[in-house]
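Here, each number is a calculation from the coordinates, and none is a lab measurement. A quick note: this is a predicted structure, and the numbers were derived from the prediction, not measured. We place every Cβ from the backbone using ideal geometry, glycine too, and count neighbours over all the protein chains shown.
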Amino acid sequence: YDDKDGKIWMDGELVDWRGANVHLLTHALHYASSVFEGERCYDGRIFESRKHSERLHRSAELIDFEIPWSVDQIEEAKAKVLAANGLENAYVRALAWRGAGPDMGVASARNPVRLAIAAWEWGAYYGDAKMKGAKLDISKWKRPSPETAPSQAKAAGLYMICTMSKHAAEAKGCSDAMMLDYRGYVAEATGANMFFVKDGEVHTPDPDCFLNGITRQTVIGMLRERQVKVHERHIMPEELESFEQCWLTGTAAEVTPVGSIGDFRFEVGALAQGIAADYEKLVRA
Ligand code: PMP
């Protein structure tokens, strides 16, 4: 991963991929004081680029720091990274964090806030699941209440239980895990939002304690354009039995049909496949 040609944008400069290092005493490494974005560039254009940069700014505000670069500057930096690496189809990762400095306790007001942007080629997030449907485990970890963590921030700290859930799922031969929230409602996968189909209508968890994904919002728009009714509501896990189709949405995941969640099975149906195909067309339009 580190022994690779290429350039990474760090604090205003393009540096060699191999030299894009930070100090061990980086505050973020100890206290999870970082926020990030995952974006995809299709045929030379980042889908919803500005929305991602705006969300990065908002995530930083939600965890109480300010990125010393404007949204416009971040947009320019992303374009520079893609050009420097000759990439037209790539995943883009922006990361902002509290760096190393005089403060190594919990407080870190005197340490610099830093920003880096990397890009690399990254294929389908769930491999061949687009055809067969992804197999999901049910995580034992719950998405926290908005009173426990700033749940609308795409912040590193919120991913600790996602990594643990995904590792547990993979150990059981699944590709991902469905997480419930602190009240027991269906929430999301470890890096993607969830949709269900019943009697031709779509049901998706109300994103009141997890990320309201940019892909999720795009897909809701696509469904409404198709005159499909979308219910954003609280969903109990017992309801999984009554759903016919299920899919995941996310920048990395794109639209990926789900074949099973624990013992519940779903068909890779016409709506899931149709929305996945429409999304592919839209991102390259
Ligand atoms: N939830 C989580 C936990 C995620 O990591 C992601 C990916 N960013 C999403 C949902 C989907 O968000 P988006 O569609 O904006 O990529």
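In terms of its C-alpha gyration tensor, segment 1-89 has an oblate overall shape, because the principal axis ratio a/c (a ≥ b ≥ c, square roots of the eigenvalues) is not below 1.5 and a/b does not outweigh b/c.
Per residue, the average separation of C-alpha pairs within less than 8 Å and at least 6 apart gives the chain a relative contact order of 18 percent.
When the C-alpha to C-alpha distance is required to be over 21 Å, the pairs from Lys51/Lys140; Lys135/Lys198; Lys198/Lys229; Lys78/Lys281; Lys51/Lys80 that qualify are Lys51/Lys140; Lys78/Lys281. Applying a DSSP loop filter and a limit of 14 other Cβ atoms within 10 Å to the GluC sites (Glu not before Pro) in segment 51-94 leaves Glu66, Glu88. The angle separating the long axis of helix 270-283 from the principal Cα axis of greatest extent in the chain is about 30 degrees. With the convex hull of its Cα atoms as the shape, segment 129-283 has an orientation-averaged projected area of 8.3 nm².
Potential lengthening of the chain between Glu244 and Arg224 amounts to 5.3 nm, from the contour at 0.36 nm per residue minus the alpha-carbon distance.
Computing FRET efficiency as 1/(1 + (r/R0)^6) for Ala149 and Glu54, where r is the C-beta to C-beta distance and R0 is 30 Å, gives about 0.90.
Helix 71-84 and the longest principal axis of the Cα set of the chain meet at an angle near 90°. Taking all C-alpha pairs of segment 157-241, those more than 16 Å from each other amount to 56 percent.
Each Lys or Arg adds one and each Asp or Glu takes one away; over the other residues whose Cβ falls under 13 Å from the Cβ of Lys4, this sums to -3. The long axis of helix 49-62 is offset from the longest Cα principal axis of the chain by roughly 70 degrees. At q = 0.11, 0.14 Å⁻¹ the log10 of I(q)/I(0) for the chain amounts to -0.66, -1.06, computed by Debye summation with a single uniform scatterer per C-alpha, solvent ignored.
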